[in-house]
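> Before we start, here is the structure in question, set down as structure tokens.
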Amino acid sequence: MSEPVAITSRDNPLLVKLRRLAREPAATRKLGAVWLEGEHLCRAALARGVRPRAAVLSASAAREPAWAELARAAARVHVVDDALWKGLSTLESPAPLGFVLDLPAAPAPQPDAPTVVLDRVQDAGNVGSILRSAAALGFVQVVALAGTAGLWTPKVLRAAMGAHFALRLLDAQPPHTLDALRVPLLATSSHDGVALPGAALPWPCAWVFGHEGQGVQPALLARAAMALRIPQPGGEESLNVAAAAAICLYESLRARGAR
């Protein structure tokens with residue numbers, strides 16, 4: 001690792017880039033980089049063998065041994081003047097350290113992997129929550145179809161709480177990517193289909209979760225081996241998609257008797 005580089009100008013090219021990554025959801029793909037904020041996410045990446053391109057930390061954090069040691073895991077370290085640090089985050093209380101990662105290339109789909117398919121799920125918090133549930137409940141691959149919030153954007157990263165680094169992620173995919181899957185598709189529906197409790201769920205499978213307002217698009221419903229609904233005796237029109245996903249993925253876990 002080279003000596004830390006001090007940054008004292010707001011117009012420093014790295015700071016300009018990080019401000020874009022923090023504020024513009026499309027910047028992650030345009031710039032080919034990921035801005036990972038905070039100790040928890042940074043340690044989750046390191047635990048999965050990720051080598052950051054750079055660590056960026058505030059000048060005050062650089063004087064603290066624990067933060068300085070974490071930063072040394074990166075290939076390069078940049079120390080930012082404290083007065084400039086808050087501009088690198090959209091959070092009210094920014095963490096004093098972050099990693100810059102190269103945007104991972106989407107891998108080829110694994111045909112037989114337990115999979116979650118996101119069909120135009122647009123809220124970043126919902127997408128991140130679904131990734132977290134997928135990783136926790138034994139699903140290893142996520143296919144995000146075009147129109148879904150970018151998987152590597154800051155809000156999705158924060159909501160997923162490190163789940164990214166436990167999953168095989170295919171971002172911004174065309175629908176024909178699903179042609180490679182050999183597992184049955186299970187589509188969620190708010191009112192039609194088989195009631196989820198007690199349904200004979202196949203394993204492995206690919207759960208499809210749709211747009212917050214429109215649900216799963218008809219073309220995907222037509223491809224599904226099963227359409228399933230979550231009973232709602234309270235009379236609500238539908239569940240939040242992240243809540244519905246957690247229930248469905250847990251039912252898959254329960255159906256196969258896993259502990």
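None of the figures in this text is laboratory data; all of them are computed from the coordinates on show. Values in this document were obtained by computation on a predicted structure and should not be read as measured data. Using ideal geometry, Cβ is built from the backbone for each residue, glycine included, and neighbour counts are taken over all protein chains shown.
> To the nearest 10 degrees, how steeply does helix 241-255 sit against the main Cα axis of the chain, on a 0 to 90 scale?
Tilt of helix 241-255: around 60 degrees.
> Sort 198-208, 65-75, 102-112 by packing, meaning the average of other beta carbons within 10 Å per residue, with the highest value first.
198-208, 65-75, 102-112
> Another question, then. In the chain, how does Rg compare with the Kirkwood Rh, expressed as the Rg/Rh ratio over alpha carbon atoms?
Looking at the chain, the ratio lands at 1.04.
> Where the only charges are on Cβ atoms (+1 Lys, Arg; -1 Asp, Glu), what is the dipole of region 204-259 about its Cα centre, to the nearest 20 debye?
Once rounded to the nearest 20, the dipole reads 360 debye.
> What translational diffusion coefficient, in µm²/s and rounded to a whole number, does the Stokes-Einstein relation yield for region 58-198 at 10 °C and a viscosity of 1.306 mPa s, taking the hydrodynamic radius as the Kirkwood radius over Cα pairs?
The estimated diffusion coefficient comes to 91 µm²/s.
> For a footprinting-style exposure proxy, rank K155, K86 by other Cβ within 10 Å, fewest first.
K86, K155
> Determine the calculated [θ] at 222 nm for the chain from helices alone, applying -39500 (n - 2.57) to every DSSP H run no shorter than 4 residues and normalising by the residue count; nearest 500 deg cm²/dmol. Could the numbers behind the result be given before it?
Details: 10 runs with 81 residues, N = 259.
It lands at -8500 deg cm²/dmol.
> With label points built 7 Å along Cα→Cβ from the Cα atoms of W203 and S9, find their separation and express it in nm.
5.8 nm
> Also, quick follow-up: Relative contact order, percent, of the chain when contacts are C-alpha pairs under 8 Å separated by at least 6 residues?
Working: 505 pairs, mean separation 48.2, N = 259.
Value for the chain: 19 percent.
> Binned at 5 Å from 0, what are the whole-percent values of the Cα-Cα distance distribution for region 5-102, short to long?
Result returned by the calculation: 2, 14, 27, 27, 21, 8, 1.
> How many nm separate the modelled label positions at A75 and A136, each set 7 Å beyond the Cα in the direction of the Cβ?
Computed distance between label sites A75 and A136 equals 3.5 nm.
> In debye, nearest 20: dipole of the chain around its Cα centre with unit charges on the Cβ of K, R (+) and D, E (-)?
On the way: 26 positive and 21 negative charges, 104 e Å.
Value, rounded to 20: 500 debye.
> If you don't mind, there's one more thing I want to ask. No solvent, one uniform scatterer per C-alpha: report log10 I(q)/I(0) for region 115-255 via the Debye equation at q = 0.15 1/Å, two decimals.
-0.65
> Residues of region 161-198 with the amide nitrogen closer than 17 Å to a label point 7 Å from the Cα of A146, along Cα-to-Cβ, please.
In region 161-198, the label zone of A146 (backbone N under 17 Å from the point 7 Å along Cα→Cβ) covers 170-180.
> FRET efficiency for L103 and H40, Cβ-Cβ distance as r, R0 = 25 Å, nearest 0.05?
Plugging the Cβ-Cβ distance into 1/(1 + (r/R0)^6) gives 0.80.
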